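Peer 1: Before anything else, here's the structure in question.
Just so it is clear, none of the values below were taken in a lab; they were calculated from the coordinates. Predicted model only: the values in this text are computed from it and were never measured. Reconstructed Cβ throughout: ideal geometry from the backbone, glycine too, with neighbour counts over all protein chains shown.
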């Protein structure tokens, strides 16, 4: 049987969810017998292949226009999209910015920080434009499965992936794996 | 009791008439989720998470407010109900900041638990867009409006339970805000920092400053005990983790206080910064030096053993367990025949031999006569009960000074000399209650006796275990001048010791059994370290005469020992056998107190 193709990527996140995926420990060997990780932030290939993958996994919140592009591309190229972690599901730590507003947050970070001399807010065309509101991935693309948690338990990843490999799409995780904290 | 029969999820349930659907469900073991409802509060049906389907009703109805009637058919978890609850949760999560990982309450939050229960795994509606203020102007706990779900539990606790009416809700809909008085910072409001609102808050909106981020409830131990800060003896739970006391919460099951605590009981004991006495101290060559228990007790026993009964003086704090006071009486008064014994605080005059009322009578009364005591200052939980009774229509007459804390709430303020006027009013009332303290003069006490049989009488004793101390004969007959050996059970009491010692004469040998370093311990010849409230077991007698258990929550600091054990060890050294175990001593002390 051909391996199931999986692509992962991160948006406004901390990489913690990817670390938690690796925390499935030796089970990853078994997983790699069944799936092919085509692209991820830690592989050479950074974007999901044009021919598409079966499962796309996104970590991190939607924070700027670049995040939207990445999320949309992943959505177009995968059949089942999983949002992992509290940032991708709810907005998470980056969404704390909503409490003060984007302008205020940029000002505090780049101009008013105590160690800054002659600060400048980055404003290059190369960079995504910060959004007014930080949101979860579900605000910009359709998400098939949400796995909250900061980070989600390794067992939650394992449960979701093994369920998918068995041909079932979990709707909500079992209670013991379903946490926000 | 009339029983009403209903059907819940197809199961036949019967519950007393007048029960709500929620109460009936609880009895039958059917779990209906709640958020704004709290067993101690009057239900208002604000959050609507408890909605259920009732056959024949046009819409879903709130289980917490709907009374059951014969034949009601209820579905508590039908598809329609679950759909409605999910919608309510989505709406609750869409306002303000209900993002869990950086919230103090994460893991113990009732809102979060509902999210888990109904599988809320992402926000349906656009989330919060604005920050709300955080009010940290109170010393002990803060209010983070961002975490508030406007359930109104705090407001109802403040008004309906504590009768303090500091908290209110202003504006409507999404702009509603919990506020204090006329929207002033909490720290400048009429808030008495009793912390009842903190205890009932279902989310992280109200947060204890001292124990914040110190772990989840599952990692903590709750040890039921009795508060020793005043003579009311409120039931409390000492919350500990890893041998440290994190916080104190009210025990909802306690008969005396029904879950209420005051600032003095809930917070102050945890902010005590006095230095502990951690080991026995013995004066050698004019200097107080560390010693072993053996040496310290031997020194005390030698001096006491060689003194005659007239030369021995005993002073005790009322902040001691029944067991300690019993042993102190047994050892010094019964065995050593000392009669020069005293108490470090006043006591209310003894009006009757038998109890003539209980604190529970306050809430049922129509006229409350407060004479010679200031419960607002000394027994705050009693003042909550009084104010609650005023809310229900009772009239308060304060017979005390103008600066009595209850004076602003009184229908009439009188001088002690005019107490007869108050007695006249009480005589015409249906259910009068007299609360009297140490400030009642002999004449006034005589006048009050006129109300015997008519009124319920409850003394509000100053100090803590004053009632037991007086029962064991430690009243204020202490004459310092004759004392050659003074044994002082100071315990946790804060007292300026100099005048006690001056009176005791220059050459008196002073033994102090104390928990904290104070001027008195520094002048003592022997200091015996004593465990504090959280470190000892035993019992306390409250002001109405109920004997209540105190339990040990953590290990004593250093070499400190429980109050009763110190006296028991001393008795052993003096060759007097006064009971071996705490259980045995407790039983005998309780027997004597009856």
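Peer 1: Let me know the mean shielding of B:100-106 by other chains, meaning the per-residue number of their Cβ atoms within 10 Å of its Cβ.
Peer 2: Values: counts 9, 13, 6, 2, 0, 0, 4.
For this peptide, the per-residue mean of nearby foreign Cβ atoms is 5.
Peer 1: Moving on to the next point. Let's test the formula: R0 of 56 Å, r as the Cβ-Cβ distance of residue B:402 and residue B:57. What FRET efficiency results, to the nearest 0.05? Please list the in-between numbers first.
Peer 2: Values: r = 56 Å, r/R0 = 1.00.
Computed FRET efficiency for residue B:402 and residue B:57: 0.50.
Peer 1: Averaged over all directions, how much area does the convex hull of the C-alpha atoms of chain B cover when projected, in nm²?
Peer 2: Numbers: hull surface 121.9 nm².
The directionally averaged projection comes out at 30.5 nm².
Peer 1: Now a separate question. Can you give me the angle between helix B:293-306 and the longest principal axis of chain B, using Cα atoms only, in degrees from 0 to 90, rounded to the nearest 10?
Peer 2: Compared with the principal axis, the helix lies near 50 degrees.
Peer 1: Calculate the FRET efficiency for residue B:354 and residue B:442 from the Cβ-Cβ distance with a Förster distance of 25 Å, rounded to the nearest 0.05. Could you put the intermediate results ahead of the total?
Peer 2: Values: r = 21 Å, r/R0 = 0.82.
That pair, residue B:354 with residue B:442, gives E of 0.75.
Peer 1: In whole angstrom, how far apart do the alpha carbon centroids of the range A:36-99 and the range B:370-418 sit?
Peer 2: 66 Å
Peer 1: Starting from the Cα-Cα distance between residue B:302 and residue B:94, subtract it from 0.36 nm times their residue separation and give me the gain in nm to one decimal.
Peer 2: On the way: separation 208, 0.36 × 208 = 74.88 nm, distance 7.37 nm.
My answer for the length gained is 67.5 nm.
Peer 1: What's the Cα-based Rg to Rh of the range B:3-77, Rh via Kirkwood? Kindly include the intermediate steps, with their values, before the conclusion.
Peer 2: Details: Rg = 11.1 Å, Rh = 12.1 Å.
Answer for the range B:3-77: 0.92.
Peer 1: Only bridges with both residues in the protein assembly as shown count here: give the DSSP antiparallel percent, nearest 5. Walk me through the intermediate numbers first.
Peer 2: Details: 48 of 106 bridges.
DSSP beta bridges in the protein assembly as shown are roughly 45 percent antiparallel.
Peer 1: Using alpha carbons only, what's the Rg to Rh ratio of the protein assembly as shown with Rh from Kirkwood? Don't skip to the end; give the middle numbers.
Peer 2: On the way: Rg = 32.9 Å, Rh = 30.7 Å.
Ratio of gyration radius to Kirkwood radius for the protein assembly as shown: 1.07.
Peer 1: Using the alpha-carbon centroid of each, what span in Å lies between the range B:293-361 and the range B:148-207?
Peer 2: First find each Cα centre; the distance between them is then 45 Å.
Peer 1: Can you give the average number of partner chain beta-carbon atoms within 10 Å of each beta-carbon in peptide B:91-97, as a whole number?
Peer 2: Mean shielding by partner chains, rounded to a whole number: 1.
Peer 1: Now, a different point. Say each of residue B:287 and residue A:104 gets a label point 7 Å from the Cα, pointing the same way as Cα to Cβ; how far apart are those two points in nm?
Peer 2: Result for the modelled spin labels: 6.1 nm.
Peer 1: Pop out the Kirkwood hydrodynamic radius of the range B:130-271 from its pairwise C-alpha distances, inverse of mean 1/r, in Å to one decimal. Walk me through the numbers on the way to the answer.
Peer 2: Values: mean 1/r = 0.0638 Å⁻¹.
Its Kirkwood hydrodynamic radius stands at 15.7 Å.
Peer 1: Report, as a whole number in µm² per second, the diffusion coefficient that Stokes-Einstein gives for the range B:113-205 at 4 °C and 1.567 mPa s using the Kirkwood radius over alpha carbon pairs.
Peer 2: D, rounded to a whole number, is 90 µm²/s.
Peer 1: Please work out the ratio of the alpha-carbon Rg of chain A to 2.2 N^0.38 Å and round it to two decimals.
Peer 2: On the way: Rg = 17.3 Å, N = 181, 2.2 N^0.38 = 15.9 Å.
With N residues counted in chain A, Rg over 2.2 N^0.38 Å equals 1.09.
Peer 1: Next up: Calculate how steeply helix B:79-94 sits against the longest principal axis of the alpha-carbon atoms of chain B, using the helix alpha-carbon long axis, and give the answer as 0 to 90 degrees to the nearest 10.
Peer 2: Around 70 degrees separate the two axes.
Peer 1: Now for a separate question. Between the range B:541-556 and the range B:30-53, what is the separation of their alpha carbon centroids in Å?
Peer 2: So the two Cα centres are separated by 34 Å.
Peer 1: On average, how much area does the Cα convex hull of the range B:391-502 cover when viewed from any direction, in nm²?
Peer 2: On the way: hull surface 39.7 nm².
Orientation-averaged projected area of the Cα hull: 9.9 nm².
Peer 1: Please compute the length gained on full extension between residue B:412 and residue B:244, using 0.36 nm multiplied by the number of residues separating them and subtracting their Cα-Cα distance. Please report the intermediate quantities before stating the final value.
Peer 2: Details: separation 168, 0.36 × 168 = 60.48 nm, distance 4.67 nm.
Using 0.36 nm per residue and subtracting the Cα-Cα distance, I get 55.8 nm.
Peer 1: Could you list B:217, B:121, B:525, B:563 so that the one with the fewest beta carbons within 10 Å of its beta carbon is first and the one with the most is last?
Peer 2: Details: B:217 12, B:121 23, B:525 20, B:563 29.
Sorted ascending by nearby Cβ count, the order is B:217, B:525, B:121, B:563.
Peer 1: How many partner chain Cβ atoms sit within 10 Å of a residue's Cβ in peptide B:112-125, on average, as a whole number?
Peer 2: Average per residue, whole number: 5.
Peer 1: For a quick check: sort B:179, B:145, B:98 by the number of other beta carbons within 10 angstrom, fewest at the front. Working shown, then result.
Peer 2: On the way: B:179 21, B:145 17, B:98 26.
Result, fewest neighbours first: B:145, B:179, B:98.
Peer 1: By what distance, in whole Å, do the Cα atoms of the range B:431-584 stretch along each of the three principal axes, largest value first?
Peer 2: Between the extreme Cα coordinates on each principal axis of the range B:431-584 lie 51, 39, 29 Å.
Peer 1: Please order B:236, B:3 by the number of other Cβ within 10 Å, starting at the fewest. Display every interim value, and only then the final one.
Peer 2: Details: B:236 27, B:3 10.
Starting with the residue having the fewest Cβ neighbours, the order is B:3, B:236.
Peer 1: Hey, another quick one. For chain B, what is the calculated [θ] at 222 nm in deg cm²/dmol (nearest 500), taking -39500 (n - 2.57) for each run of four or more DSSP H residues and dividing by its residue count? Walk me through the numbers on the way to the answer.
Peer 2: On the way: 17 runs with 139 residues, N = 594.
For chain B, the value works out to -6500 deg cm²/dmol.
Peer 1: Helix B:380-391: angle to the longest alpha-carbon principal axis of chain B, degrees 0 to 90, nearest 10?
Peer 2: 50 degrees
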